[in-house]
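Down below is the structure, laid out as structure tokens.
The values are calculated or read from the model by the stated rules, or taken from the named source; none is laboratory data. Just so we're clear, the structure is a prediction, and the values are computed from it rather than from any experiment. All Cβ positions, even for glycine, are placed from backbone atoms using ideal geometry, and neighbour counts span all protein chains on display. We work out accessible area using only protein heavy atoms, side chains counted, and drop any ligands, DNA or RNA first. Shrake-Rupley method; radii C 1.70, N 1.55, O 1.52, S 1.80 Å.
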Amino acid sequence: MSRLGPCLSPRPLLRGPWAAPRGLRRVSVAAGLRRGPAGSSTASVTGMEELLSRSVPPLPPYETKEKAPPPAELRGAEFVRYYRALGAGQPRAELLTRLARDFGVDHGRVAEFSAKVLQAREQQREPGALLQAEDRLRYYLNPQYRGLFQHLGRLEGGLRFLVELRGDLVEGLATKAVDGPHVKEMNGVLKNMLSEWFSTGFLNLERVTWQSPCEVLQKISDSEAVHPVRNWVDMKRRVGSYRRCYFFSHCAIPGEPLIVLHVALTSDISSSIQAIVKEVPPLETEDTDKITTAIFYSISLTQQGLQGVELGTYLIKRVVKELQKELPQIKAFSTLSPIPGFTKWLVGLLSPQTKELEKNELFTESEWQEISEITGDSTTETLKKLLNNNEWVRSEKLVKVFHLPFMRLCAWYLYGEKHRGYALNPVANFHLQNGSVMWRINWMADTSPRGIAASCGMMVNYRYFLEDTASNSAAYLGTKQIKASEQVLSLVSQFQQNSKL
């Protein structure tokens, strides 16, 4: 997350028999619902209820919680086989819904022990009695299905399965294939459990080179969500000279990339992604004297089931330490990040705008007059169409006239647009939480169709001053204060002077 760009669907690098096998499968709940209830004839409601009753261990009484025998391994294995046999679709969505609804928290017990906690407080009993009452309440706040997840996590291949299952939950909730407060609660419980199981102590940092196993290179290519890999030559370049690629794997799922970070080693802070992923550098040995800067230009979560689990922050920190050991002369650490959502936001601002020139609030009068002369239209409808179909980049005049207004609009979008007091843009929010500085907005930094469509070709550098990241992070999380450079603040000031928003 996440994450310098959102995670997109994997894109295979090779097809046919040469394609390397996948590790963790992503199975879509929603896809099956669109096709129809595949497999519903074999998944009777009665059979499903019986399976869940056998598989989900009952919550033992508080007094015997330490002595309760663990569930038989066969029960967990049976659940895994049954779930996978259902395939994508309505039966799997039905099982998840029943698991969340029928095997959650015992609300009667929670009410009972909540009352006992209140009673212990009112009677001002000794601290030990109050603490024991609170411990009992805490115990009964655990949903019953948590015991199933704990048991599955201990099985061989169980952690892999739980990541798959949560991937189905995340996708199902996003598409409304599964819904409701019980399912949302179960998704949160499983996310928290995965956050513990995938903490940094269990993660291994691995570097990818051209000598890495073919299947690892394939998975890295498949998972690239920010700047898709085009072919093997492109892949070789991204792990070759002046480049680094790292990923986290888990000790229970060795060799499986969970989150991937791509780094460019340069002499300055890059302002264009074309120079990193499109231009072919000469095949030469690295000259370490030329390397003073590390640019994090892509970070991609490979498993949908780990969405919301904090991995990206720790990966960046680990890679910084790794680079400092290998190349101690590096003094600057920065990203070159996409700005997903900017074009959509801008088009949304144009939609309610009045069609008369003098009431337009996004451009100065001279800017709008120049735009109108080039487009032959004084309304915003033509501008919206140009933004939606990317046609404006074909006109050198429009590219020139849009430069300044789009830069200040983008600065405001990143700096001023908020969600609950924090940056609205998810990439900005991620790096600001990590303690970075919003350093520089770059015009025509990504001229690919995806870059133009997402952010009118602009990208942003978030710079990490290692000695200030902790204080910057605390300031952002505590007071919601964004640290930004003079360039960004100047553009924000220009926006505020020119706009009535």
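Tabulated data for the structure shown
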quantity	calculated
Elements of type helices (runs of 4 or more DSSP H) in the range 92-210, at least 1 residues being touching a Gly at 6+ places or on another chain (Cβ under 6 Å)	145-154, 158-175, 181-197
The lone exception for GLU310 - which of (1) at pLDDT 95 or above; (2) part of a loop (DSSP other than H, G, I, E, B) it fails	(1)
Qualifying residue in the range 473-485 (condition: within 30 Å of LYS385 (Cβ to Cβ), open to solvent by less than 60 Å² (accessible area, probe 1.4 Å), among the aromatic types (Phe, Trp, Tyr) and assigned to a helix (DSSP H, G or I))	no
Complete set of residues in the range 258-275 that are open to solvent by 10 Å² or more (accessible area, probe 1.4 Å) and either in a loop (DSSP other than H, G, I, E, B) or closer than 16 Å to SER221 by Cβ (or both)	SER267, ASP268, ILE269, SER270, SER271, SER272
Filter result for THR293 (outside the structural domain of GLU156 (by the TED database), under 24 Å from LEU327 (Cβ atoms), open to solvent by 40 Å² or more (accessible area, probe 1.4 Å) and of a type outside the set (A, V, I, L, M))	no
Of the criteria (1) open to solvent by less than 30 Å² (accessible area, probe 1.4 Å); (2) modelled with pLDDT of 95 or more; (3) not polar (S, T, N, Q), which one LEU383 fails	(2)
Qualifying residues in the range 56-77 (those that are small (Gly, Ala, Ser) and closer than 17 Å to GLU156 by Cβ) - the one least open to solvent (accessible area, probe 1.4 Å)	GLY76
Test: residue in the range 34-44 that is open to solvent by 30 Å² or more (accessible area, probe 1.4 Å) and modelled with pLDDT of 90 or more	no
Considering residues of the range 349-376 that are under 28 Å from ARG450 (Cβ atoms) and modelled with pLDDT under 85 only, the residue surrounded by the most Cβ atoms within 10 Å (Cβ to Cβ)	GLN353
Within the range 162-184, considering residues that are farther than 13 Å from GLN304 by Cβ and under 20 Å from the mean Cα position of the chain (by Cα), the one most open to solvent (accessible area, probe 1.4 Å)	LYS176
Within the range 78-97, considering residues that are open to solvent by less than 30 Å² (accessible area, probe 1.4 Å) and of a type outside the set (A, V, I, L, M, F, W, C), the one nearest to LEU51 (Cα to Cα)	TYR83
Residue within the range 425-437 that is surrounded by fewer than 18 Cβ atoms within 10 Å (Cβ to Cβ), at pLDDT 95 or above and among the hydrophobic types (A, V, I, L, M, F, W, C) present	no
Qualifying residues in the range 302-338 (those that are open to solvent by less than 10 Å² (accessible area, probe 1.4 Å) and in contact with a Lys or Arg (Cβ under 6 Å, 6 or more places away or on another chain)) - the one nearest to ARG244 (Cα to Cα)	SER334
Matching residues, the range 137-161, being open to solvent by less than 50 Å² (accessible area, probe 1.4 Å) and either among the basic types (Lys, Arg) or more than 24 Å from ARG101 (Cα to Cα) (or both)	LEU155, GLY157
